[in-house]
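One structure is given below, encoded as structure tokens.
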Amino acid sequence: MSFSKLYVGNLNYKTTEDALKQLFGQHGEVTSVSILQGRGFGFVEMATPEAAQDAKGKLHGTEFDGRKLIVNDARPQTERPGTDRRPGGGGGDGGGFSRY
């Protein structure tokens, strides 16, 4: 299965989307970049699966902004069991203590 969207982890918190776009752009056309601020990871979408695989192969494990990058195929977002994002959701017994 070919992917054109890549997960990029172990980012320096000061890394910018522009810097990441420039880095990945050396391996093909970049269609989008998003970094989750304060989380140390982001996503880069390449124009073709071939460009994404080339970038992944050449950039995974390389140093960028003082950190060794982790570059993998991005997995489709799925609902995770036990995570209800509605207010008051999320399961549990509703309290922060044992009832026994």
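A few points about this structure:
- For Phe64, the residues whose amide H sits under 5 Å from its own are Leu69, ignoring neighbours fewer than 5 places away on the same chain, with H placed 1.01 Å from N.
- The GluC sites (Glu not before Pro) of the stretch 40-79 that meet both conditions, a loop assignment by DSSP and at most 10 other Cβ atoms within 10 Å of the site Cβ, are Glu79.
- For Gly40, no residue whose modelled amide H falls within less than 5 Å of its own remains once neighbours fewer than 5 places apart on the same chain are excluded.
- Karplus-derived 3J(HN,Hα), 6.51/-1.76/1.60, for each residue of the stretch 3-18, Hz, glycine and proline x: 10, 10, 10, 10, 8, 10, x, 6, 6, 5, 4, 8, 5, 9, 4, 4
Only the coordinates and a few stated rules stand behind these numbers; no lab work does. Keep in mind it's a predicted model, so treat the numbers as computed, not measured. Neighbour counts run over all protein chains shown; Cβ positions are idealised from the backbone, glycine included.
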